[in-house]
1. If you count, for each residue, the other Cβ atoms within 10 Å and average over each peptide, how do 221-228, 132-139 line up from highest to lowest?
2. Provide the per-residue ³J(HN,Hα) series for the range 90-101, in order, calculated from phi with Karplus coefficients 6.51, -1.76, 1.60 and θ = phi - 60°, each as a whole number of Hz, with x at glycine and proline positions.
3. Quickly rank 305-311, 319-325 as a protection proxy: mean count of other C-beta atoms within 10 Å, highest first.
4. Tell me, what HN-Hα J-couplings in whole Hz come from the Karplus equation 6.51 cos²θ - 1.76 cosθ + 1.60 at θ = phi - 60° for each residue of the range 367-376, using x for Gly and Pro?
5. For F395 and I164, calculate 0.36 nm times their separation in residues minus their Cα-Cα distance, and state this gained length in nm to one decimal.
6. What does a probe at R124 reach in the range 350-390, counting residues whose amide N is under 14 Å from the point 7 Å along Cα→Cβ?
7. Take the Cα of R102, step 7 Å along the line toward its Cβ, and report every residue of the range 117-150 whose backbone nitrogen sits under 16 Å from that point.
8. Using DSSP to define loop residues, name the trypsin sites (Lys or Arg not before Pro) in the range 95-137 whose beta-carbon has at most 14 other beta-carbon atoms within 10 Å.
Amino acid sequence: MKLILSIIGWAISWVSGIISSAIQLLYSIIQYILTRPEVNIPFLWPIINFLNHVPIINIIVHLILWRPIFDLLFAPGLVSVLIAIIYIIWFERKLTAKVQWRIGPLEVSRPIGGFLQPFADLFRYMFQEFVVPMHADKNYFIHAPAIVFMLSTLPVFFIPIGPIQSNGVVNGIYGIYTGYDVLIAIALITLFNIGIILIGWASNDRFTYIGTVREALLYTGYEVVLILSVVAILLVYGTADPFKIVNWQVTHLPGIIANPLAFLAFLIATLMATSRFPFEIPEADTEIVLGPYTEYSGIVYGLVMTMSYEKLYVLSLLMVILFLDGWAGPYIPPLGALSYAIWFGIKTYIVMMIMVFTRSVYGRYRPDQAVKMSWTSLLGLVIVALLLSLVIKIF
């Protein structure tokens, strides 16, 4: 009996110790959040000050305005990604329709040009049945899209959209700052393609195999060009720190002028990486239905369908940082940190709209044409860009 009581006492003390440690950890996390610098948005100060006097709510407010969380959720995070995807899908469909003398989406919200059609499509996908084919590898088939979505979202943590400090006030919006953020973001973007290949393999279908092989072929073609174009422009800046990169462009020249060849190589590699025309080779809906995504349906189809647009958004953010002065623009005092985010967003949306315009005016390359182009003219272009950067750096 004494042995049982001693065991029970030991168990109770062990559980109480764990609970006490958990409470102390939670308290430390809350204190850490409450003392961290917040995103500076002056016109919201009255509301924020009011909410900061409300128990529990003040912790939530601090958590939302904490830089890593704000960066992940809003700018340039998940909310911004969702808005960008919905807008660019609508814009691409309307622009292509105009160029090709068609009407475009007008079934929903006709008075405003069918702008709500992407929202209607999203709701339709949400309530459709998600079917798992019998021949598919169910675990990978179900989990691969979520893995790829997370891989495509991770670079957002390392892409700032505002300066660290201005006039003694911290204004920037950024998640994680390491000093090598551009290189880390590019490394994470290259992992995205492995997930796409996993999606096609998990479906265990001949059409998805064709799309997967095409994705792998295209991947071998553009990855070298994409990485070397980034290396070429980083040689000019002498750093991979996004804040120093933007400062260099503001005080000297925009990257697009400093090394236009690196910009052109990065632009074409981005078109290939995001399957934009004329490189819409992995999907090729007129030939292989929808490439690696053929077997998907319902909300998961909506998720995989938008992945290339999400990748386009991330690469457009990087293009703005590397070649287009980043967040540089007239400061708007009432907006605080959002002033830089607005200028950054305007440039990003312009880049994305130019990218999707290619759908309206170009046909699709064959896989062999795209790979040959990558390893001949594009590789030559990026090598010349590297040499140009070395000349600029020396002289």
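1. Packing order, densest peptide first, comes out as 221-228, 132-139.
2. For the range 90-101, the Karplus-derived couplings read 5, 4, 4, 5, 5, 5, 4, 5, 5, 5, 8, 6 Hz, x marking Gly and Pro.
3. 319-325, 305-311
4. Once rounded to whole Hz, the list reads x, 5, 5, 5, 5, 4, 4, 5, 8, 10.
5. 80.1 nm
6. Backbone N within reach: none found.
7. Under 16 Å, as judged by backbone N against the label point of R102, lie 117-118 of the range 117-150.
8. Answer by residue number: R102.
The values are calculated or read from the model by the stated rules, or taken from the named source; none is laboratory data. Please read these numbers as outputs of a predicted model, since none were measured by experiment. All Cβ positions, even for glycine, are placed from backbone atoms using ideal geometry, and neighbour counts span all protein chains on display. Side chains included, ligands, DNA and RNA excluded: accessible areas come from the protein's heavy atoms. Shrake-Rupley method; radii C 1.70, N 1.55, O 1.52, S 1.80 Å.
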